[in-house]
1. For segment 208-237, what are the residues that are open to solvent by 50 Å² or more (accessible area, probe 1.4 Å) and either in contact with a Leu (Cβ under 6 Å, 6 or more places away or on another chain) or more than 21 Å from Ala351 (Cβ to Cβ) (or both)?
2. Confirm whether Ile97 is surrounded by fewer than 16 Cβ atoms within 10 Å (Cβ to Cβ), among the β-branched types (Val, Ile, Thr) and touching a residue at least 12 places away in the same chain (Cβ under 8 Å).
3. Give the residues of segment 325-345 that are more than 16 Å from Leu152 (Cα to Cα) and at pLDDT below 85, sorted by residue number.
4. Since Leu80 meets every condition but one in (1) surrounded by fewer than 12 Cβ atoms within 10 Å (Cβ to Cβ); (2) in contact (Cβ under 8 Å) with a residue 24 or more places away in the chain; (3) part of a strand (DSSP E or B), which condition does it not meet?
5. On the given criteria, is Arg119 in contact with a strand residue (DSSP E or B) (Cβ under 6 Å, 6 or more places away or on another chain) and of a type in the set (D, E, K, R)?
6. Looking at Thr126, Thr155, Thr135, which one is open to solvent by 20 Å² or more (accessible area, probe 1.4 Å) and part of a strand (DSSP E or B)?
7. Just the residues that are open to solvent by 40 Å² or more (accessible area, probe 1.4 Å) and free of Cβ contacts under 8 Å to residues at least 24 places away in the same chain, please, taken from segment 58-67.
8. Only one of (1) farther than 30 Å from Ala351 by Cα; (2) not polar (S, T, N, Q); (3) not in a helix (DSSP H, G or I) is not met by Leu188, so which one is it?
Amino acid sequence: MSVGTGSAPGARRVARPPAPRPGDLGDLGIDPDQLPDGLVVADEQGRVICFNRAAVRIAALPAEQALGRRIESALPLQDLDGRHWWQLTDPYGGLAIRNGQPERNLLLPGGREVLVAARYVRTRPTGPLRRLVVTLRDTEARRRTERSHAELIATVAHELRSPLTSVKGFTATLLRKWERFTDDQKRLMLETVDADADRVTRLIAELLDISRIDSGRLEVRRQPVDIGAAVGRHIQAYVAAGQPADRFLLRIQHPLPDLWADPDKIDQVLSNLLENAVRHGEGTVTIDLTPAPSPREPEHGEHAATSVTVSDEGPGIPEDSMNRVFTRFWRGSKRGGTGLGLYIVKGIVEAHGGTITVGRARAGGAQFRFTLPVGAPAFARDLPRTAR
């Protein structure tokens, strides 16, 4: 196609390349097979001229069987009431003012559900259809997300019911019969209420963390972190709560690189891993702190990261469960918990640019290892070590 740049005779005419058309994605440097969704394009006669790899997978129809066929034959779609979708929408013979169909759930042969949207391409606003562009999306990923959300709601409701029932019961009893209880009885009930309130607070914090992790909004506020001192504080807290001091073994390989991380979130990771080792493991809980290569950029040197390994001497994690440890609702035993802790731990570590793995310790128990890059901001990297 060409356009004139002037109205005078002999005016210079400049050729303009034709606009890319559906089915001509190669002109844009795009291979239809690289698209994540199914793409089906029909020409002005309704015959399929493009049937990409995702469409082959979703429709379970080889491309060579689809190309050249009428689109209603290649994709015999029905709505959820069993009506033929192509007869209902009639893209080639229907209203010329329509420009497409919004995404909706339709059924492929065999009753498999798929999300379908259509775009009508015309040469002029009310002209005949030149191309019919249809996108297909598998609903399985959406169904998994919906199931995960439903499980999360059910788990949260279950976990909230118990402490809230306890809080309500004790506070109602105290309000009605305050004079009948001794000071020791009142203290015991109030301590129970306080513990249950802490449990609810922790659960709400977990939900907020999950929301931020899933949406990619988990903020990391980096500061210098003494990882050895942080582990030491957690060990002292367990000893103060009644655990024998000789149950914990902290080994530090010096010198450790300076670690810049979010101290509160690192405390959360350490708390979860140590709690798992103490609650579900047996024998000595060993924590090893060592310098390590950067988890994602090993070429930056062998001391560009800090590795923390927490292992115990318990029964460990079965091999067939190791690939599910960091998923939502995984529980290593029936002894309580929401099954969300390790999912959050993985999200926090990855938000720092680190990695976390699970395996079997030499003594046979579970072994968790997470590695965090140094992560120092530019101004800190330029300072001499003694000035940090």
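1. Selection gives Arg212, Arg233, Gln236, Ala237.
2. yes
3. Gly332, Ser333, Lys334, Arg335
4. Only one criterion is unmet by Leu80, namely (3).
5. Criteria met by Arg119.
6. Answer to the check: Thr135.
7. Of everything in segment 58-67, those that are open to solvent by 40 Å² or more (accessible area, probe 1.4 Å) and free of Cβ contacts under 8 Å to residues at least 24 places away in the same chain turn out to be Pro62, Glu64, Gln65, Leu67.
8. Going through (1) farther than 30 Å from Ala351 by Cα; (2) not polar (S, T, N, Q); (3) not in a helix (DSSP H, G or I) one by one, Leu188 breaks only (3).
The values are calculated or read from the model by the stated rules, or taken from the named source; none is laboratory data. If you're wondering where the values come from, they're calculated on a predicted model, not measured in any experiment. Reconstructed Cβ throughout: ideal geometry from the backbone, glycine too, with neighbour counts over all protein chains shown. All accessible areas refer to the heavy atoms of the entire protein, side chains included, with ligands and DNA or RNA removed. Shrake-Rupley method; radii C 1.70, N 1.55, O 1.52, S 1.80 Å.
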